[in-house]
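K.L.:
After the structure tokens below, expect a handful of questions from me.
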Amino acid sequence: MIQFDAVHKRFPNGTTAVHDLSLEMPEGGVTVLVGSSGCGKTTTLRMVNRMVDPTSGTIRVGGRDVLEQDAAELRRSIGYVIQQSGLFPHRTVLDNIATVPLLLGWGRRKARARAAELLETVGLTAEAGKRYPHQLSGGQQQRVGVARALAADPPVLLMDEPFGAVDPVVRSQLQDELIRLQKELSKTIVFVTHDIDEAVRLGDRIAIFRTGGHLVQCAAPAELLARPADDFVADFLGAERGLKLLSLTTLADVPRGPAPEGGTWKLVLDEARRPQAWRTEGAEIPVRPLRDTDSLLAALNESIASPTGFVARVDADGALTGVTSRAEIHEHAGEAHSSHSTAGAAI
Ligand SMILES: Nc1ncnc2c1ncn2[C@@H]1O[C@H](COP(=O)(O)OP(=O)(O)OP(=O)(O)O)[C@@H](O)[C@H]1O
Ligand SMILES: [Mg+2]
């Protein structure tokens, strides 16, 4: 766990970057820091590994005060990923990833074997390992940045807008990869972003800062979306915060029934009972079937696209398990809102 206790940071030029910050970042969870430019996110992150020291207050990592630890040693024990990956341009990708293990005295062979293993973990080929950073795409470079940060298997990972410089499609892929990796590795991650959707997707907790280094609210995404502490937080979350909340609720609890018979539209299945399309005389509209793990937002979207207002639901093999009407999805969307609100009120 990372614990900030009454932490202040005032730079020599008089700027207060972080103001009286008390915050707990749970072990094995992702804490996302968001807020407008200059509100102290990077400074907060860099105080964890002592790239910046606080003016006052205490920061503990795993119960130990960081100021009582050797700064260089602490830095090597914490992974750090930044925007534009920060790779060494004159070293191959493999050598970039092996940097920290080599510094820790692992020996070249073991460090390189570890680097090769991590290349695969982050979805890159062995061939990519032989290239130099400028010979990779932006998204690939970010993957190398993540691999390098993971190389010595540190319990803590600091990520400062790691996916900020790539296009939305690649960004979404990198987020998927991080979610997958985190399921396996359970690192304590502090993640800075400007993108509230990214925060909602990745965060177990989201901390919202405002200018002057003030923490405004820290809560689980669903609680934050259902009960923003004030207008600043509500504005920051955006007008679609209701829809964002639906993206966090799955279809699992929404009832399903048999596909409608005898209407104008018929649901066409293949031989493995996988839904293909809605068919009527002279027209066929493709179906995007949904699983229980899909969100209510995806379901609403699909129900609007569906000519019948029904969405087709499938099991893990893609076979039809039933259909659900737009009205039923709506009803659950309303319940999702009120249940999150009540949960928030109880805290
Ligand atoms: N070394 C420094 N010396 C003086 N002021 C600094 C220094 N580093 C940061 N600051 C100031 O501290 C404040 C917080 O900066 P910080 O980089 O933590 O913000 P941020 O939230 O990460 O912003 P961004 O979203 O733009 O990255 C800003 O006003 C910045 O100008
Ligand atoms: Mg920053």
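The values are calculated or read from the model by the stated rules, or taken from the named source; none is laboratory data. Not measured: the values here are computed from a predicted model. Every residue, glycine as well, gets a Cβ built from its backbone with ideal geometry; the counts of neighbours run over all protein chains shown. Note: accessible area is taken over every heavy atom of the protein model, side chains too, but ligands, DNA and RNA are not part of it. Shrake-Rupley method; radii C 1.70, N 1.55, O 1.52, S 1.80 Å.
K.L.:
Of (1) open to solvent by less than 40 Å² (accessible area, probe 1.4 Å); (2) more than 20 Å from the chain's Cα centre (by Cα); (3) closer than 17 Å to Thr188 by Cα; (4) among the small types (Gly, Ala, Ser), Gly28 satisfies all except one. Which?
P.N.:
The failed condition is (2).
K.L.:
Can you confirm whether the stretch 189-202 contains a residue that is open to solvent by 10 Å² or more (accessible area, probe 1.4 Å), among the polar types (S, T, N, Q), more than 15 Å from Glu120 (Cα to Cα) and assigned by TED's automatic domain parsing to the domain that holds Ala116?
P.N.:
Scanning the stretch 189-202 turns up no residue that is open to solvent by 10 Å² or more (accessible area, probe 1.4 Å), among the polar types (S, T, N, Q), more than 15 Å from Glu120 (Cα to Cα) and assigned by TED's automatic domain parsing to the domain that holds Ala116.
K.L.:
What pairs can you find where one residue is in the stretch 161-178 and within 16 Å of ligand 2 (Cβ to nearest atom), the other is among the aliphatic types (A, V, I, L, M), and their Cβ atoms are less than 6 Å apart, with a gap of 6+ or different chains?
P.N.:
So the pair list comes out as Glu161/Val192; Pro162/Val81; Phe163/Leu174.
K.L.:
Within the stretch 1-18, which residues are closer than 18 Å to Ser37 by Cβ and more than 16 Å from ligand 2 (Cβ to nearest atom)?
P.N.:
Asn13
K.L.:
When the stretch 219-272 is examined, which residues are found to be outside any helix (DSSP H, G or I) and without any contact (Cβ under 8 Å) to a residue 12 or more places away in the chain?
P.N.:
Restricting attention to the stretch 219-272, the residues satisfying the condition of being outside any helix (DSSP H, G or I) are 219-220, 227-230, 238-240, 247-272.
Once the filter is applied, which keeps residues that are outside any helix (DSSP H, G or I) and without any contact (Cβ under 8 Å) to a residue 12 or more places away in the chain, the stretch 219-272 yields Ala239, Glu240, Glu261, Gly262, Asp270, Glu271.
K.L.:
Moving on. Starting from residues that are within 19 Å of Ala6 (Cβ to Cβ) and in a loop (DSSP other than H, G, I, E, B), keep the ones in the stretch 27-70 and report whichever is farthest from ligand 2 (Cβ to nearest atom).
P.N.:
The residue in question is Gly63.
K.L.:
May I pose another question? For the stretch 1-15, how many residues are over 22 Å from Arg64 (Cα atoms) and open to solvent by 50 Å² or more (accessible area, probe 1.4 Å)?
P.N.:
5
K.L.:
Also, quick follow-up: Go through the residues of the stretch 207-217 one by one and say whether even a single one is open to solvent by 60 Å² or more (accessible area, probe 1.4 Å), in contact (Cβ under 8 Å) with a residue 24 or more places away in the chain and in a strand (DSSP E or B). Before the answer, list the steps.
P.N.:
At the first step, the residues of the stretch 207-217 found to be open to solvent by 60 Å² or more (accessible area, probe 1.4 Å) are 210-211.
Checking which are in contact (Cβ under 8 Å) with a residue 24 or more places away in the chain leaves us with 210-211.
Within this subset, residues satisfying the condition of being in a strand (DSSP E or B) are 210.
Among the residues of the stretch 207-217, at least one is open to solvent by 60 Å² or more (accessible area, probe 1.4 Å), in contact (Cβ under 8 Å) with a residue 24 or more places away in the chain and in a strand (DSSP E or B), which makes the answer yes.
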